[in-house]
1. Say we look at region 108-142 and pick out the residues that are surrounded by fewer than 18 Cβ atoms within 10 Å (Cβ to Cβ) and more than 24 Å from Ile159 (Cα to Cα); which of these is nearest to the ligand (Cβ to nearest atom)?
2. When you scan region 211-230, do you find a residue that is touching a helix residue (DSSP H, G or I) at 6+ places or on another chain (Cβ under 9 Å), assigned to a loop (DSSP other than H, G, I, E, B), of a type outside the set (S, T, N, Q) and more than 28 Å from Gly258 (Cα to Cα), even just one?
3. Of the residues that sit in region 186-218 and are of a type in the set (Asp, Glu) and away from the ligand (no atom under 16 Å from the Cβ), which one is nearest to Ala125 (Cα to Cα)?
4. Cβ-Cβ under 7 Å, sequence separation 6+ or interchain: first residue in region 37-56 and on the phi > 0 side of the Ramachandran plot, partner surrounded by 15 or more Cβ atoms within 10 Å (Cβ to Cβ). Which pairs?
5. Within region 256-276, take every residue that is within 15 Å of the ligand (Cβ to nearest atom) and of a type in the set (A, V, I, L, M) and give me the one that is farthest from the chain's Cα centre (by Cα).
6. Please count how many residues of region 269-290 are exposed (fewer than 15 other Cβ atoms within 10 Å of the Cβ), farther than 19 Å from Gly432 by Cα and among the small types (Gly, Ala, Ser).
7. So, Pro53, is that one out of contact with any helix residue (DSSP H, G or I) (no Cβ under 9 Å at 6 or more places or on another chain) and either hydrophobic (A, V, I, L, M, F, W, C) or over 27 Å from Met183 (Cα atoms) (or both) or not?
8. Please identify the pairs in which a residue from region 138-162 that is under 13 Å from Gly178 (Cβ atoms) has its Cβ atom under 6 Å from the Cβ atom of a residue that is in a helix (DSSP H, G or I) and within 16 Å of the ligand (Cβ to nearest atom), counting only partners at least 6 apart or on another chain.
Amino acid sequence: ATANIGVVGLAVMGSNLARNLASREGNTVSIFNRSYEKTQTLLDEHPEAEFVPASTYAEFAASLTTPRTAIIMVQAGKGTDAVIDALTEVFEPGDIIVDGGNALFTDTIRREKAVRETGINFVGAGISGGEEGALNGPSIMPGGSDESWVTLGPILKSIAAVAEGEPCVTHVGHDGAGHFVKMVHNGIEYADMQLIGEAYDLIRRGTGKSPAEIADIFSEWNRGELESYLIEITAEVLRQVDAETGEPLVDVILDQAGAKGTGAWTVQTALDLGIPVSGIAEAVFARSLSSKPAQRAAASDLPGPSEAWTVADADKDAFVEDVRRALYASKIVAYSQGFDEIVAGAEQYGWDIKKGDIAAIWRGGCIIRARFLNRITEAYAADPGLVALLTAPYFAEALTGTQEAWRRVVVVAAQAGIPSPAFSSSLAYYDGLRADRLPAALIQGQRDFFGAHTYKRVDKDGTFHTLWSGDRTEIESAGSGH
Ligand code: 6PG
């Protein structure tokens with residue numbers, strides 16, 4: 001046995017990860033794919049990588065030094081279970097099986113428990129950064145046991161992206177913690193993309209600027225506090241011209257957004273945990289809405305605002321700056337909501353997740369990498385018990401500087417009939433959190449009226465019920481008030 005690490009599944013992500021591993025000092029990489037063809041292709045195309053190819057699971061296991069460590073890079077779902085079963089047959093106690101796919105964290109919890117019975121370690125690791133990241137340095141979010149981290153840590157550190165001298169990988173927490181955090185990463189990714197989409201749409205329809213001109217705006221934004229991978233690639237996409245028609249590519253792409261499920265998982269999980277991730281939810285729903293052509297066609301004749309909306313030439317720069325601020329503010333909300341979900345998940349599942357470390361490993365390699373993640377790490381370092389990220393001094397100040405612009409943008413979008421669900425729901429969330437009094441009091445009254453669900457009072461302890469169908473006096477009740 002000569003290989004210290006193996007990769008199972010040699011589609012693009014697996015191949016790139018294997019090449020990344022092989023290119024780092026100290027690694028010898030064993031490779032295996034269900035059909036040998038892909039293995040041969042990888043060998044042929046990358047002779048420089050010095051892979052150790054295996055054609056059976058037994059050969060694969062024999063090629064690995066102990067503790068054997070293998071990263072599975074197959075499409076999430078049933079395929080993953082099949083590979084895990086095959087590996088547990090040929091691996092021994094103490095060995096490590098890593099699932100690097102986008103698995104649902106509850107599947108990871110289940111698999112970890114089952115594999116643990118055999119004495120083998122199972123690690124669910126979120127890997128972000130797409131094909132390019134897998135090859136040159138992704139952000140990696142591994143869960144699993146402390147024991148597995150001892151062997152796996154140095155290997156993952158060798159291939160992860162580096163941000164300010166630190167590898168973008170940390171042991172997130174036990175069992176499904178890594179995939180949970182990757183799931184929330186993707187939820188934030190959805191929100192970020194939707195917000196950027198809304199910003200583009202408002203600027204385009206309000207100012208009449210071309211996609212190429214808007215690309216320049218995004219490039220400029222990318223030099224400021226919004227600096228991020230997603231802003232950067234947005235400019236690239238907007239600048240792209242379709243070879244066939246000569247039109248901006250964005251105008252010939254069908255406007256129906258796909259989704260592979262991680263955004264929906266983030267929202268489903270948040271609903272179960274009772275965490276309002278409204279910006280992320282709107283982003284998921286906006287994709288669903290876009291992908292309903294029949295409903296959209298049926299509704300296309302419904303009336304919009306009676307007056308057409310354009311931004312006067314003299315106001316265009318100010319409008320663009322307003323949109324930039326609305327985007328920044330909404331982005332802060334999306335991250336704040338995402339971190340709330342991580343905190344709630346950690347509590348629910350008993351994970352010791354260091355929020356500042358998560359922000360730190362998202363600074364490089366991953367799809368949501370952004371300049372302001374440093375500020376998140378700092379915020380949690382300054383106050384580990386921070387109850388809401390958007391209340392940390394840096395973000396509170398940013399919101400103070402943006403909220404007026406944010407309101408103007410949401411108002412104008414509503415008046416112009418331009419959908420901005422993520423902008424507006426983020427603003428509603430912000431106003432909801434900071435409100436002195438919420439109409440939740442009325443809801444409690446309604447609940448008490450029709451179901452005797454009881455309520456609490458602002459002025460004294462206890463749980464109360466009004467005798468609505470009687471003489472409407474209030475009685476103290478033994479219930480919980482919720
Ligand atoms: C990443 C990405 C990656 C995946 C997207 C696409 O972090 O590298 O998130 O995992 O390509 O999640 O997801 P959708 O197809 O659902 O947009």
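Bear in mind these aren't lab numbers, they're just calculated from the coordinates by the rules spelled out. Nothing here was measured: the structure is a model prediction, and the numbers come from that model. Neighbour counts run over all protein chains shown; Cβ positions are idealised from the backbone, glycine included.
1. Pass one, region 108-142, residues surrounded by fewer than 18 Cβ atoms within 10 Å (Cβ to Cβ): 110, 113-114, 116-119, 130-132, 136.
Now narrow it down to the ones that are more than 24 Å from Ile159 (Cα to Cα): 110, 113-114, 116-119.
Numbers: Arg110: 21, Lys113: 24, Ala114: 24, Arg116: 26, Glu117: 29, Thr118: 29, Gly119: 31 Å.
Here the answer is Arg110.
2. Yes, because at least one residue in region 211-230 is touching a helix residue (DSSP H, G or I) at 6+ places or on another chain (Cβ under 9 Å), assigned to a loop (DSSP other than H, G, I, E, B), of a type outside the set (S, T, N, Q) and more than 28 Å from Gly258 (Cα to Cα).
3. Taking region 186-218 as the starting set, the residues that turn out to be of a type in the set (Asp, Glu) are 189, 192, 198, 201, 213, 216.
When the remaining residues are screened for being away from the ligand (no atom under 16 Å from the Cβ), the result is 198, 201, 213, 216.
Values: Glu198: 32, Asp201: 36, Glu213: 40, Asp216: 37 Å.
Among them, the one singled out is Glu198.
4. Listed by first residue and then by second, the contacts come to Glu50/Ala22.
5. Ala257
6. Count: 1.
7. No: the conditions fail for Pro53.
8. Ser139/Ile361; Ile140/Leu156; Met141/Gly178; Met141/Val181; Met141/Lys182; Pro142/Gly178; Gly143/Gly178
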